[in-house]
Amino acid sequence: QVQLIESGGGLVQAGGSLRLSCAPSGRTYTTYVFGWFRQAPGKEREFVAAVRWSAGNTYYADSVKGRFTISRDNARNTVYLQMNSLKSEDTAVYYCAAARAAYITTNLLNYDYWGQGTQVTVSS
């Protein structure tokens, strides 16, 4: 069983920045893809960004491209989501997820493990 511990959410003004962290428990995850998803009230959960642990390649939703950066730190065994130039429409619960996949996937059904979620609120 993989546990994903998220942190870093909070309240920020529009234009500000936040960094989310996701720490998978225990083992190494060289064959995994890690993704961030978000869910706003009354909306479906949507893909935000993903990174392949082994190669470090990334993929972003168009809505966050150029503003958000996903990365992984091998030494700290942690995945980050740096969010800059935040907008009110970025307000949502953000979830870290892990997929046992060889390639990046944006389909939430392909992710095997999920964190508990962290609230991000952007005030305008």
Ranked by GNM mean-square fluctuation in the chain (Cα springs under 10 Å), the top entry among VAL93, VAL51, VAL33 is VAL93
Between the residues THR121, TYR103, PHE37, the Cα farthest towards the positive end of the dipole of the chain, that dipole coming from +1 and -1 charges on the beta-carbon of Lys, Arg, Asp and Glu, is from TYR103
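Find out how many positive minus negative residues lie around ASN74, taking Lys and Arg as positive, Asp and Glu as negative, among other residues whose Cβ is under 14 Å from that of ASN74. Let's see the in-between values first.
Numbers: positive: ARG27, ARG52, ARG72, ARG76; negative: ASP73.
That works out to +3.
I need the calculated FRET efficiency for the pair ASN110 and ALA55, taking r as the beta carbon distance and R₀ as 22 Å, to the nearest 0.05. If you can, show how the numbers build up before the last one.
Numbers: r = 18 Å, r/R0 = 0.80.
Using R0 = 22 Å, I get an efficiency of 0.80.
With +1 assigned to the C-beta of every Lys and Arg and -1 to the C-beta of every Asp and Glu, and no other charges, what is the dipole magnitude of the chain about the Cα centre in debye, to the nearest 20? Mind showing how you got there, number by number?
Numbers: 12 positive and 8 negative charges, 47 e Å.
Dipole magnitude for the chain comes out near 220 debye.
Just the number please: accessible area per residue for the chain, 1.4 Å probe, all protein chains included, in Å². Please report the intermediate quantities before stating the final value.
Numbers: 6350 Å² over 124 residues.
Result: 51 Å² of accessible area for each residue.
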For LYS43 and GLN82, extending 7 Å from Cα along the Cα-Cβ vector and measuring point to point gives, in nm, a value of 2.4
Largest fluctuation, LEU18, LEU81, LEU109 only, Gaussian network model of the chain with Cα springs under 10 angstrom, belongs to LEU109
Computed over all unlike Cα pairs, the Kirkwood hydrodynamic radius of region 1-119 in Å stands at 14.1
Carbon/sulfur accessible area of the chain, % of total, 1.4 Å probe, equals 45
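The values are calculated or read from the model by the stated rules, or taken from the named source; none is laboratory data. Just so we're clear, the structure is a prediction, and the values are computed from it rather than from any experiment. In this analysis, Cβ positions are derived from the backbone assuming ideal geometry, glycine residues included, and neighbour counts consider all displayed protein chains. Note: accessible area is taken over every heavy atom of the protein model, side chains too, but ligands, DNA and RNA are not part of it. Shrake-Rupley method; radii C 1.70, N 1.55, O 1.52, S 1.80 Å.
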